[in-house]
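Report on the following structure.
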Amino acid sequence: MHKTAYISRGESRVSGPKMAFARVGLAASFALGLLLRLPDLHAVLAGDLGSVKFIRGDYAVAEQLLQSALRSPSPSGAFLRIFANALWSEGRRSEAISVLRVSTLKDDVGSNASELALFDLGRMLIDEGRVAEGARAWGQAKAWRRLLYAGQLSANDAAWENAIAYLDEAWRLDEASAAYDLAWAFYYGRADPDSAAEILLRSIAAYPSSNRRADYLISLGFFLTESQEWAKAVSVYEELLSEGASNPQVSARAHVGLGVALAGEGTSLPEALREIAEGIALAPDAVEGYMAMADVLREQQMYDDADSWYAKAMDVAGDNPRPGIARGEAQIEAGNLSTAIEILHGTTSRFPGSGDAWYILAVAYSRLHAFEDATRAIDRALSLEGDNGMYWLLAGSISEGKGDRVAAIAAYKQVIIIDPNSRTAGDALARLQR
């Protein structure tokens with residue numbers, strides 16, 4: 001039996017280019033040597049590699065084993081996978097990825113060995129920041145649960161493009177599990193309610209008896225409303241209500257959504273308001289109903305009525321600053337700038353971490369030509385969200401109002417950095433730099 005002589009931990013006594021393989025460590029050499037002799041140890045060695053690799057030993061033997069294995073006319077996929085993980089552990093990342101790509105071609109497509117190699121390849125690519133490539137590898141490995149989990153984590157972190165990459169692959173493998181999360185990722189990440197609606201329509205048709213049907217229909221109605229597909233949204237909400245949702249929260253959301261869609265359709269404002277009121281009655285602690293009522297009335301320029309509903313929304317909003325912000329915006333639209341500033345000061349005091357609250361306060365001050373106050377407000381907003389192009393655009397406008405051309409140009413340049421296609425910022429720069 002071949003015996004390997006172990007030496008104590010410390011620096012290798014062997015150096016030079018010829019020992020390139022030996023630097024992978026004894027873990028790889030020991031594992032690979034056994035793999036060449038005992039193929040049935042593949043799984044055990046793969047699992048134990050992490051602990052074994054810390055052992056240091058005879059690098060000459062390591063080099064011999066590795067070079068012998070690599071001279072094999074057709075190294076197995078399992079050997080290449082273990083070799084790639086050893087390279088990765090030693091920080092030789094690009095080499096590890098290259099070896100794993102070869103490994104994925106060695107085993108039958110769909111085999112357990114092939115899927116393990118693809119899973120490792122996906123993990124390495126993702127760690128290198130190549131999320132879309134990594135997600136595709138996981139998709140080939142049929143790792144839909146891992147894809148779904150990674151997509152949900154990315155969505156929680158608002159890393160929407162990563163979420164879409166993971167969830168799109170998960171959806172291809174298991175539509176029923178991933179459709180809902182993927183649809184919302186498209187909505188939040190790409191402001192694309194049309195694609196979100198298409199995803200849910202496909203899942204509703206494919207799984208008519210899904211236990212998530214009510215969630216699908218509620219969300220579908222919302223996406224259609226956002227796309228101003230009023231008649232389709234009305235039809236979806238009416239379908240859900242006709243099915244008799246057992247959960248009063250779901251029924252409440254359906255009534256509110258139906259009311260908003262009816263108001264958008266413009267057929268009957270009283271009917272729309274009745275539907276929203278019914279939704280509020282079913283869920284009196286939910287902020288959505290009050291906000292919907294206020295928004296519909298505001299759209300009709302019924303600002304006094306809208307204000308009372310925004311105030312009610314603020315009472316039940318908890319830690320949600322949106323009702324206070326919307327109430328302030330409505331007062332700006334109504335021309336009640338002093339009232340708007342009072343409301344928005346209260347909102348920023350209660351929610352000092354809300355960039356949007358400071359932004360709308362800056363809008364109100366700028367309408368009053370109180371540019372110093374507006375500057376202080378927009379600076380607070382930018383301190384919270386420095387990559388928000390809309391905030392920088394307002395900062396530029398405020399600086400122009402103050403007569404500070406240099407600051408205005410700097411602000412508009414920031415907008416272009418964030419959004420190179422911003423016509424407003426581009427036009428402003430062309431005007432100021434003549």
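The values are calculated or read from the model by the stated rules, or taken from the named source; none is laboratory data. Just so it is clear, the structure is predicted and the values come from calculations on it, not from any experiment. Cβ: placed from backbone, ideal geometry, glycine included. Neighbour counts: every protein chain shown.
Name every residue in segment 327-355 that is surrounded by 22 or more Cβ atoms within 10 Å (Cβ to Cβ) and charged (D, E, K, R), in order of residue number. 327, the sole residue that qualifies. Among the residues of this structure, residue 228 counts as one that is more than 28 Å from residue 344 (Cα to Cα) and either assigned to a helix (DSSP H, G or I) or of a type in the set (S, T, N, Q) (or both). Do you know which residues across segment 374-409 are in contact with a Lys or Arg (Cβ under 9 Å, 6 or more places away or on another chain) and among the aliphatic types (A, V, I, L, M)? Residues satisfying the conditions are 374, 408.
Among residues of segment 181-203 that are among the hydrophobic types (A, V, I, L, M, F, W, C), those with a Cβ under 8 angstrom from a residue that is not in a helix (DSSP H, G or I), sequence gap 6+ or separate chain, pair up as 186/192; 197/227; 197/229. Name the residues in segment 244-275 that are surrounded by fewer than 24 Cβ atoms within 10 Å (Cβ to Cβ), in contact (Cβ under 8 Å) with a residue 12 or more places away in the chain and among the β-branched types (Val, Ile, Thr), would you? Listed by number, the list holds a single entry, 250.
Being surrounded by fewer than 21 Cβ atoms within 10 Å (Cβ to Cβ) and either touching a residue at least 40 places away in the same chain (Cβ under 8 Å) or not in a helix (DSSP H, G or I) (or both) holds for only one residue in 315, 295, 307, 319, and it is 319.
Being among the polar types (S, T, N, Q), under 27 Å from residue 374 (Cα atoms) and assigned to a helix (DSSP H, G or I) holds for only one residue in 301, 331, and it is 331. For segment 154-173, the count of residues that are more than 30 Å from residue 282 (Cα to Cα), touching a residue at least 24 places away in the same chain (Cβ under 8 Å), among the β-branched types (Val, Ile, Thr) and surrounded by 15 or more Cβ atoms within 10 Å (Cβ to Cβ) is at least one.
Take residue 114 and tell me if it is in contact with a helix residue (DSSP H, G or I) (Cβ under 8 Å, 6 or more places away or on another chain), at pLDDT below 90 and part of a helix (DSSP H, G or I). Yes; evaluated as a whole, the condition is true for this residue.
Yes/no per residue for (1) modelled with pLDDT of 95 or more; (2) more than 30 Å from residue 138 (Cβ to Cβ); (3) within 28 Å of the chain's Cα centre (by Cα):
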site: 179; (1), (2), (3): no, no, yes
site: 204; (1), (2), (3): no, no, yes
site: 207; (1), (2), (3): no, no, yes
site: 239; (1), (2), (3): no, yes, no
site: 272; (1), (2), (3): yes, yes, no
site: 279; (1), (2), (3): yes, yes, no
